[in-house]
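One structure below.
The values are calculated or read from the model by the stated rules, or taken from the named source; none is laboratory data. Every value quoted in this text rests on a predicted model; they were computed, and no experiment measured them. Cβ placement follows ideal geometry from the backbone for every residue including glycine, while neighbour counts extend to all protein chains displayed. These area figures cover heavy atoms from the full protein model, side chains too; ligands, DNA and RNA do not enter into them. Shrake-Rupley method; radii C 1.70, N 1.55, O 1.52, S 1.80 Å.
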Amino acid sequence: MKTTISVIKADIGSVAGHGLAHPALLKKCEEMLGTAKEEGLLEDFYVTNCGDDTELIMTHRQGEENEEIHQLAFNSFMEATKIARELKLYGAGQDLLSDTFSGNIKGMGPGCAEMEFKERPSDPVVVFCMDKTEPGAFNMPLFKMFADPFNTAGLVIDPSLHNGYTFEIFDVLESKKVELSCPAEMYDALALLGSIGRYVIKRVTRNDDGEIAAAVSTDRLNLMAGKYIGKDDPVAIVRSQSGFPAAGEVVEPFTFPHLVGGWMRGSHNGPIMPVGQNQAYPVRFDGPPRVMALGFQIADCKLVGPNDMFDDPAFDLTREESSRIASYMRRHGPFEPHRLPADEMEYTSLPGVMEKLETRFKDMD
Ligand code: F6R
Ligand code: MG
Ligand code: MG
């Protein structure tokens, strides 16, 4: 019998401004998922939030892309949105692009990462949630976990990891995908993965046997809606230990606060800061972008945990470095590379400015 983990998230309203999801929203989602557990649709669940995003972590036997599971997530977000509207929370229901469910939550606004596998005798899983950034923010850390021997010692010294992993990479602009096997095709993979706004890792599988190792939400809300209505803050599920990177190798890439797109108005580069759940509240200039890591053991489709993995003094230095980089980046104000290039900004006044100045632009001599 196989186990499926579905992590489905949406920003359905927050306090103050695009800050923190309100506890009443989490409570409503817990009630809805609790009923589904009693009825046998879900085996287990855990509801949390990373900043203004409400995350539903669910285990079940229904497989990936299951209509009932997606509908359950959608209905939970819809019910919680009613409360968000009553409380006049900021951005109430902002990630729900439609009020009628049409079979699959993909393309309807919420982000979704799912994986199905046969449980090992002991199966540790880490769920990562990011706020104020985009799915490509996972490219570097996932590459390091599964392809960089300077991060993951097991790639070199553990025979069960030694044959490497394959990355399924989505081109989110052209809606195409490609699989690249590492280490053999590492340079080709990096040629794509460096473009974090366009090429994003969707899945990672083990070369030895095709076993699923990681899955990421890649929904680009801004493109789906045809206009900007909210940042597509991503989630990822990563399996660890015994044939996968150790839990410590899975979190190690986040000791480097790499620069990601997002932050204020989804239009700035800033350092990602690894934080415990109680610090997943991006305040300064709506940031800097945050990532939290919840570690679970999966036991007969039940969630044991979570452990709040970045709530660890070993990440204090990274947080400090991230704060320093945030200050350095902020000093650029409206200049690149703090502000994103014009074609990647989620908000832009440039077309209006260009229109106004059109007649004043003269040919250069
Ligand atoms: C970024 C984000 C916030 C908002 C900003 C402006 O993903 O959610 O930084 O973009 O607070 O929000 P509005 O336009 O709603 O005032
Ligand atoms: Mg918001
Ligand atoms: Mg958010």
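Kindly evaluate Leu97 against the criterion of being surrounded by fewer than 22 Cβ atoms within 10 Å (Cβ to Cβ) and touching a Gly at 6+ places or on another chain (Cβ under 7 Å). Yes; evaluated as a whole, the condition is true for this residue.
Name the residue that is nearest to Asp219 (Cα to Cα), counting only residues in the stretch 5-44 that are small (Gly, Ala, Ser) and within 21 Å of the chain's Cα centre (by Cα). Ranking the candidates gives Ala10 first.
Scanning the stretch 298-317 for residues that are touching a His at 6+ places or on another chain (Cβ under 8 Å) and open to solvent by 40 Å² or more (accessible area, probe 1.4 Å) yields nothing.
May I ask you to verify whether Gly91 is over 22 Å from Phe296 (Cβ atoms) and among the small types (Gly, Ala, Ser)?
Working: over 22 Å from Phe296 (Cβ atoms): yes; among the small types (Gly, Ala, Ser): yes.
Criteria met by Gly91.
Would you confirm, using the coordinates I've provided, whether Val235 is within 16 Å of ligand 1 (Cβ to nearest atom), open to solvent by less than 10 Å² (accessible area, probe 1.4 Å) and either of a type in the set (Ser, Thr, Tyr) or under 28 Å from Phe117 (Cβ atoms) (or both)? Yes; evaluated as a whole, the condition is true for this residue. When each of Glu252, Glu355, Glu320 is tested for being away from ligand 2 (no atom under 16 Å from the Cβ), open to solvent by 80 Å² or more (accessible area, probe 1.4 Å) and within 30 Å of Lys2 (Cβ to Cβ), the lone residue that passes is Glu252.
Checked against (1) touching a residue at least 60 places away in the same chain (Cβ under 8 Å); (2) more than 21 Å from Gly51 (Cα to Cα); (3) part of a strand (DSSP E or B), Leu294 passes all but a single condition, namely (2).
Out of Arg284, Arg324, Arg319, which single residue is within 16 Å of ligand 1 (Cβ to nearest atom) and in the same structural domain as Val238 (by TED's automatic domain parsing)? Arg284 is the lone residue from the list that is within 16 Å of ligand 1 (Cβ to nearest atom) and in the same structural domain as Val238 (by TED's automatic domain parsing). Being of a type in the set (Phe, Trp, Tyr), buried (at least 16 other Cβ atoms within 10 Å of the Cβ), away from ligand 2 (no atom under 16 Å from the Cβ) and outside any helix (DSSP H, G or I): is that true of Phe117 here? Considered against the rule, which asks whether it is of a type in the set (Phe, Trp, Tyr), buried (at least 16 other Cβ atoms within 10 Å of the Cβ), away from ligand 2 (no atom under 16 Å from the Cβ) and outside any helix (DSSP H, G or I), Phe117 comes out as yes.
Filtering the stretch 86-117 to residues that are of a type outside the set (Gly, Ala, Ser) and within 16 Å of ligand 3 (Cβ to nearest atom) leaves Leu89, Tyr90, Gln94, Asp95, Leu96, Leu97, Pro110, Cys112.
Here Ser327 meets the list (1) open to solvent by 80 Å² or more (accessible area, probe 1.4 Å); (2) in a helix (DSSP H, G or I); (3) hydroxyl-bearing (Ser, Thr, Tyr) almost entirely, failing just condition (1). Could we say that Val15 is of a type in the set (Val, Ile, Thr) and surrounded by fewer than 22 Cβ atoms within 10 Å (Cβ to Cβ) here? So Val15 fits the description; yes.
Test Ala92 against the stated conditions and say whether it is among the aliphatic types (A, V, I, L, M) and closer than 21 Å to Glu168 by Cα. Steps first, please.
On the way: among the aliphatic types (A, V, I, L, M): yes; closer than 21 Å to Glu168 by Cα: no.
For Ala92, the condition - among the aliphatic types (A, V, I, L, M) and closer than 21 Å to Glu168 by Cα - is not met.
Quick one: which of Asp208, Asp219, Asp188 is of a type in the set (Asp, Glu), open to solvent by 70 Å² or more (accessible area, probe 1.4 Å) and in contact (Cβ under 8 Å) with a residue 40 or more places away in the chain? Write out each step before concluding.
Values: Asp219 fails: open to solvent by 70 Å² or more (accessible area, probe 1.4 Å); Asp188 fails: in contact (Cβ under 8 Å) with a residue 40 or more places away in the chain.
Matching residue, one of Asp208, Asp219, Asp188: Asp208.
Scanning the stretch 1-47 for residues that are farther than 23 Å from Pro288 by Cβ and of a type in the set (S, T, N, Q), we see that the one that is nearest to ligand 3 (Cβ to nearest atom) is Ser6. Being more than 23 Å from Val200 (Cα to Cα) and either open to solvent by 30 Å² or more (accessible area, probe 1.4 Å) or at pLDDT 95 or above (or both): is that true of Asp53 here? It is false that Asp53 is more than 23 Å from Val200 (Cα to Cα) and either open to solvent by 30 Å² or more (accessible area, probe 1.4 Å) or at pLDDT 95 or above (or both).
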